[in-house]
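Only the coordinates and a few stated rules stand behind these numbers; no lab work does. Everything numeric here is computed off the predicted structure, so don't read it as measured data. Cβ placement follows ideal geometry from the backbone for every residue including glycine, while neighbour counts extend to all protein chains displayed.
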Amino acid sequence: MNAYSPTDLKALVEEERIHRKAFVDPDIFRMEMERIFHRTWVYVGHASQVPQPGDFFCTRIGLQPVLMVRHTDNTVRVLYNRCAHRGARVVNEECGNAKRFQCMYHGWIYRTDGTLAGLPMQADESADGFDFSDPDLSMRPVAQVDQIHGFVFANMSPGGAGLLDYIGEARHAIDEFVDAAPDGEVEIAGGCHRYEYKGNWKHQLENLTDTYHVIATHASTVDPDGKQFKRRSGTDGAEARFYDDKKRPVILDIGVSVYPHGHSSTESMFPEAQTGGIWEEYRRILAAKRGPERADELLKQKIHNLTIFPTFDLLVVQNAIRVIYPIAVDRTEVRIYPLRMKGAPEAIFREQVQYVNLTHSASSFVQTDDLEAFDRIQVGLATEAQDWVLATRGKKRERFDNRGIGHGNKTTEIGLRYLHQAWLELMCAE
Amino acid sequence: MSDRETLERIVFLEGELLDEKRFEEWLDLYTEDAIYWVPATPGQKSPENHVSLFYDDKQTMLARVTRLRHPEIHAQLPASRTCRIITNVAVEAAAGSAASLDVTSSHMIVEYRPGWEQRIFAGRCRHTLRHEGGRWRIARKRFDLINCDAAFAALTVPL
C-alpha cells in the first residue's frame, strides 16, 4: 500500500515549484525505488569494464545489488547479485574475473549467465529430482539490458520504451562525444572518484542542469579577474571565465535544453576549441579520421554535460561520467568515472584525469561547494512552515521546438521543471 | 639535535601548521617543484593514469590555500578543526641522492566541523625531504589513507 495516490503525487509537482516532501519523505523514497528505479532504464556500467568473458563489475540499481558480467557468448549480462538458495550476495568483490560464481554460504555455483551449474553434495539432491533449469534456482537476470556506445543500461521491468527510444534525441550529444574519440569508442579507465552527502539524490540531479547556482556557489573558485582557476592545458581555450570584460556573468549566455523523459543538457563554458600543446596532436589524429572541419567542430565541446534521467550524466568537458546512487531519502553517493577517448594521445587522457581531480574529487575546488549546498538543502527542507521549492526562473522565456525539445538560457531553471515532470509521470503509473 | 630529530620535526611541524590553519607557512615548507599526493586506491602506482583524492603541484596547492582564505568558501563556513597524532616515524635514505631522504610516519587525524559529524582519517605517510637553501623542505608527500577508495564527504582542507 503506497502512502501517496496519483492525486497526492500530482499535488507535489506544480509547473514551477516542487513540494518539500518529494525530497524529505521516506515514503516517497520507497515509491521512487519501486516506480522509477525498478521501472525505467538505469545506467549500470560500461562494457569496457568487462572486456573478457567472466569479467564482472558489481553495482546496484536503486537499492538492489546487481552485477554486470560478460558471458562466455561475449554478451554483457546484468544479474541480481543474490543467491537463489538463502539470499546471500554471491559476488563480494567490486570487480574481477570468474569462470563460475560460488556463494560462500552453502557453496551453490552459478554460470556467468546466472544459471545454476552445481551445488555441493549434488548427487543426493539429483536423486530427489532437483531441477537445475528452474529459473527460481538461478541468479536472476534483470529483465532488459541494452547499450549505447558501450554504456550499459538495464530496466528491471519488461516492456515499455526501448533504451534508444527512452534516450531519444538526447543521444546526439552522446554520439558527438564518442565521435571525438579517433577510434570512435570510449572506455572507462583511471578508477573513480566517490563522494557522498547527507541529502536527497535529486539535489545532485537538479544541480546538473542548474546554471543559476554557479556564480554564488562557486564564488571561491573565481579569481578577481573573473576567470576561474585554469582548468585545462593548451595555450588557448583552457580557461573558464565567470565574468566577461564588462563584468557580465558569462553564465547568462549558457543555454539549457530539455528532452522527453527528463533528460537535459547544458552548453559549455568553453566556447573555443583548445589549441596548443598536445591538443594539436589530438586534432591532427582526429582530422585524419574525420576531416579537418569535422575535427575542429568535435574539439569545440559545445555541450558541457548531458543528463539521462534518473542517474547518468555525461561530463563532456571533463571526459567523464557521473552516476548518482541513492542510499536513503537523505543520503546519496555519487561516482565520477573518467573516460579514455580511444585513439587520442595518452597525454590527453592523463590530462583529463588531472582535470577531474580538480573539478570532481571529494577535495575538488568545485564539488566541495556543491556538496555543501546539498547538505544544507536537506537541513533547510525540514522546515514545515514552508512547503515549496521554486523552479520559476526563465519559465516565460522557455521555447519548445518541433521535436519536443525545450530551450532556455539566462540561467533558466527549465531543466529542473521538466525533470520533475518526468519524475511525476513515472511515479503516477500504478 | 640529531639529523633524525631534525627530519622528524619537519613532519611534526607540517601537522602543526595544518592543525593551526597556518596554510601559508605550510606552503612554504614545500619546495617549488613539490608534489602533494593522496591516492584514491590502495597501493596506487601512478597519479598520472588514475584519479587521486589530491594530486597537487605547488601552483595547485597555492590555489587551494587562496581558496581556503576566500570569504565565500561555503564548504568551510564554519571551518573544520583538526587534531592529528603522528607516530611510528622512520627515516630512510632516498634512492640515489644524499641531499634527499624519505621519512615515513603513521597519521591519525580527527576532523570536526560544527554541525557535521566528527571524522577520522588514518593512514601512512611518506615525505621526501630535500635539503635546499640551508633547510630541509618537503619535495613530495604521499599520504595513503586506509579508506582512500571510500566515498567521502567534502575534503576541503588538506590532510
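Hey, what angle do you get for helix B:58-68 against the long axis of chain B, alpha-carbon based, 0 to 90 degrees rounded to 10? Relative to chain B, helix B:58-68 is tipped by roughly 30 degrees.
Placing unit charges on the Cβ atoms of the charged side chains and taking the dipole of chain A about its Cα centre, the candidate lying farthest along the positive direction among A:Ala362, A:Ile327, A:Val250 is A:Val250.
Fraction of C-alpha pairs exceeding 45 angstrom in the protein assembly as shown: 21 percent, rounded to a whole number. Ignoring the sites themselves, what is the longest stretch of chain B with no GluC sites (Glu not before Pro) in a DSSP loop and at most 12 other beta-carbon atoms within 10 Å? Excluding the exposed sites themselves, the longest stretch runs over B:21-116. For the stretch A:326-414, trypsin sites (Lys or Arg not before Pro) meeting the loop criterion (DSSP other than H, G, I, E, B) and having at most 11 other Cβ atoms within 10 Å: A:Lys396, A:Arg403. Calculate how steeply helix A:414-428 sits against the longest principal axis of the alpha-carbon atoms of chain A, using the helix alpha-carbon long axis, and give the answer as 0 to 90 degrees to the nearest 10. For helix A:414-428, the angle is close to 20 degrees. Gain on full extension, evaluated as 0.36 nm per residue between A:Glu293 and A:Met121 minus their Cα-Cα distance, stands at 55.3 nm. Considering the options A:Val317, A:Ala22, A:Cys192, tell which one lies farthest towards the positive end of the dipole of chain A, charges being +1 on Lys and Arg and -1 on Asp and Glu at the Cβ, about the Cα centre. The listed residue farthest towards the positive side: A:Val317. Taking 4.7 Å between C-beta atoms as the pairing limit, chain A has these partnerless cysteines: A:Cys58, A:Cys95, A:Cys192, A:Cys428. Taken about its Cα centre, the stretch B:3-145 carries a charge dipole of roughly 240 debye when the Cβ of each Lys and Arg holds +1 and the Cβ of each Asp and Glu holds -1. Using C-alpha pairs below 8 Å separated by at least 6 residues, the relative contact order for the stretch B:3-145 is 25 percent. Applying both filters, DSSP loop and at most 13 other Cβ atoms within 10 Å, to the trypsin sites (Lys or Arg not before Pro) of the stretch A:96-136 gives A:Lys99, A:Arg100. Other residues lying with their Cβ under 13 Å from the Cβ of A:Leu164 contribute a combined charge of -3, Lys and Arg counting +1, Asp and Glu -1. With everything on Cα atoms, drop me the angle between helix A:346-360 and the longest principal axis of chain A, reported from 0 to 90° to the nearest 10. So the helix axis and the longest Cα principal axis differ by about 80 degrees. For the pair B:Leu77 and B:Glu117, label points projected 7 Å from Cα toward Cβ lie 2.6 nm apart. Remark: spin-label model distance A:Asp27-A:His85 equals 4.1 nm, labels positioned 7 Å along the Cα→Cβ axis. When the Cα positions of A:Ser133, A:Gly87, A:Pro345 are compared along the charge dipole of the protein assembly as shown, A:Pro345 comes out farthest toward the positive end, with charges on each C-beta of Lys, Arg, Asp and Glu.
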